[in-house]
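Down below is the structure, laid out as structure tokens.
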Amino acid sequence: MKLLVFMSVAFNFFLCSENVKSGLDVLEEDNFNILNGKSIAVIANHTSIDLNGQNIVDILIKNNIKVKAIFSPEHGFYGDITGGYNVLNSTYASIPVFSLYGKNKRPDETMLQGLDAIVFDIQDVGTRFYTYLTTMGYAMEEAGKRKIEFIVLDRPNPVSSDVIEGPILSNSIKSFTAYYNVPIRHSLTAGEMAIFHKTKDKIDINLTVVKMKNYKRNMLFNETGLQWVNPSPNIRNLNAALLYPGIGCFESTNISVGRGTEFPFEFFGSPWMDNKKISEDLNKAGLDGVEFYPVELTPDDDLYKGEKIKGVHIKVIDQRAVRSVDIFVNAIYLINKYHSDRIEIRTDEIAKMVGNYDFWDMLKSGKKPNYILKKFEKDINKFKKYLKKNNIKIY
């Protein structure tokens, strides 16, 4: 079925300094033409706002678009539910809000009945194991089966669309947090991931991507002029989003990532870790864009709740230079070197997060970080070639 990349037909001449306009803003500019006369469902949450801070559902209702259902992802429609907790069904403005993170992770026949189109508009963070784009992929598949149009209102990749980190997910691994065969930090916008999914996984669907205006691939979120909204409770700023692809991988271990503290994903540690030695060694490793400092924190939630953690605070000094997967590989190498008797690895979980079983095997066998990262580089180059060959990038 067809793929349509939609741009406004108005003649506009923008300077690079102008604010980015999200797909939602472009849709508003064009008077909702692609939705007029259609019965739709919206996959949305608290990040689904326009330049004026209005939520997409309120905007659509105000403009007499027939919104029959709302689908909410992990963390819920309001984005306030802790990660991993089931989200319940509810209502908003008398419209049913069906959870796609609970009993059902896919919209079922009842939810999809009578729909002409599904509109996806959620701010992602650019990391493969972040679940919002898996929700999009599941919904695309269900829409395709029923010949329902799928429309993505595109938004920036907050950590930029010109940096790729980590290995491609192995074909032998598939789960809700390990769904697309892409690197950990994949560089794609939501719209581009939808195109990738349709192309790579041969999804038979009528897909429309409403492009952003003024977006450049090298933009970090703080360069877009858009309002930052925490995409989930523990991604509280751009630094956390930049560090999440790597530091998030520690969640497959008994190392805290700072949940329950003021620095989630800008910190890692445990009650038994030699944080001074590890900070010192990481600073000697020459990792770009960051500095490491030993700190002690006591989380009020999650892993090691109420215990004093000896950890490492990651201070970002150059956002554009940060490579968090490099940080993770170097850090877990050192933790395993100094604390092999204390670190616990959930083998299947780390494979899902990193993308393969080879990583932990290499680490156990004593392979150095540079060796491992060079292996990752092969996958990165392979992925870049695939994107170019298949015209996945639209900016």
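Values quoted throughout were computed directly from the atomic coordinates according to the rules given, and no laboratory measurement underlies them. Since this is a predicted model, take the numbers as computed values, not measurements. Here the Cβ is made from the backbone with ideal geometry for all residues, glycine too, and neighbour counts use every protein chain on show.
Worth a mention:
- Taking 26 Å as the limit for the C-alpha separation, the pairs 66/388; 202/382; 21/62; 174/202; 105/385 exceed it in the case of 66/388; 105/385.
- The fewest-to-most ranking of 268, 263 by surrounding Cβ atoms within 10 Å reads 263, 268.
- Taking Cα atoms only, the orientation of helix 190-200 departs from the longest principal axis of the chain by about 90 degrees.
- Peptides 72-81, 102-111, 124-133, ordered by how many other C-beta atoms sit within 10 Å of their residues on average, highest first, read 124-133, 72-81, 102-111.
- Bridge type composition, the chain - antiparallel percent by DSSP, nearest 5: 50
- Across the range 382-395, rounded Karplus estimates of 3J(HN,Hα) from the backbone phi angles (6.51 cos²θ - 1.76 cosθ + 1.60, θ = phi - 60°) give 4, 5, 4, 5, 4, 4, 5, 4, 9, 6, 6, 6, 10, 10 Hz, Gly and Pro being marked x.
- Modelled label reach - residue 277, point 7 Å along Cα→Cβ, the range 319-342 residues with backbone N closer than 16 Å: 331-342
- Packing-based ranking, highest mean first, of 146-155, 274-283 given that Cβ atoms within 10 Å are counted: 146-155, 274-283
- Placing pseudo-labels 7 Å out from each Cα toward the beta carbon at residue 320 and residue 342 gives an inter-label distance of 3.9 nm.
- Tail beyond 26 Å, pair distance distribution of the chain (Cα, percent): 52
- Only helices enter the 222 nm calculation for the chain: every DSSP H run of n ≥ 4 contributes -39,500 (n - 2.57), and dividing by all residues gives -8500 deg cm²/dmol, rounded to 500.
- Amide H contacts of residue 72 (H built 1.01 Å from N, in plane; Pro and chain starts excluded): 98, 99, 100 sit under 5 Å, all sequence-distant by 5 or more or on other chains.
- Working ranking of peptides 210-223, 27-40 by packing, defined as the average number of other Cβ atoms within 10 Å per residue, highest first, is 210-223, 27-40.
- Cleavage-rule hits, GluC sites (Glu not before Pro), the range 317-395, DSSP coil, Cβ neighbours within 10 Å at most 14: 344
- For the range 128-209: rounded, prolate or oblate by the Cα gyration tensor [a/c cutoff 1.5]: oblate
- Point-charge dipole on Cβ atoms (K/R +1, D/E -1) for the chain, about Cα centre, debye to 20: 1300
- Model label points for residue 358 and residue 91, set 7 angstrom from Cα along the Cα-to-Cβ axis, are 5.4 nm apart.
- For the chain, the longest principal axis of the Cα atoms and the long axis of helix 238-247 meet at an angle of about 60 degrees.
- Each other residue within a Cβ distance under 13 Å of residue 228 adds +1 if Lys or Arg and -1 if Asp or Glu, for a net charge of +1.
- Between the range 205-225 and the range 84-150, the Cα center-to-center distance that results, in Å: 21
- At R0 = 25 Å, FRET efficiency that the Cβ-Cβ distance of residue 61 and residue 105 yields, to 0.05: 0.40
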